[in-house]
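No value in this document is a laboratory result; all are computed from the given coordinates. The shown structure was predicted, so the numbers you read here are calculated from the model rather than taken from an experiment. Heads up, the Cβs are rebuilt from the backbone with ideal geometry, glycines too, and the neighbour counts pull from every protein chain shown.
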Amino acid sequence: MVELSIQMPDEAFSSLKQPPREFVKQLRLAAAIHWYTRKEISMEKGSIIAGIDRVDFLEALASRQVNVFNVDMESLKKEIESA
């Protein structure tokens with residue numbers, strides 16, 4: 001596993017009222033959700049980056065009202081019409 005090190009000002013932790021370990025956990029989740037919503041990573045990779053299982057990642061997406069099922073309405077319409 002690769003270990004990354006970043007420097008954060010002390011004020012970052014006090015403003016969020018989180019200890020550094022919780023801050024890192026939330027940072028990983030935020031990054032995973034960001035990249036997932038931009039369709040840069042899969043749900044599976046998102047859960048790996050966030051350090052949680054897939055079900056918990058799905059719950060995190062839902063709690064932030066992120067659309068989990070991306071449906072291309074035009075493709076769906078064509079599929080329905082051809083059925």
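I'd like to verify a number: residues in segment 48-83 that are touching a residue at least 24 places away in the same chain (Cβ under 8 Å) and of a type in the set (Lys, Arg), how many? Total meeting the criteria: 1. Do you know which of the residues in segment 24-61 that are surrounded by fewer than 15 Cβ atoms within 10 Å (Cβ to Cβ) and not charged (D, E, K, R) is nearest to MET1 (Cα to Cα)? It comes out as GLY51.
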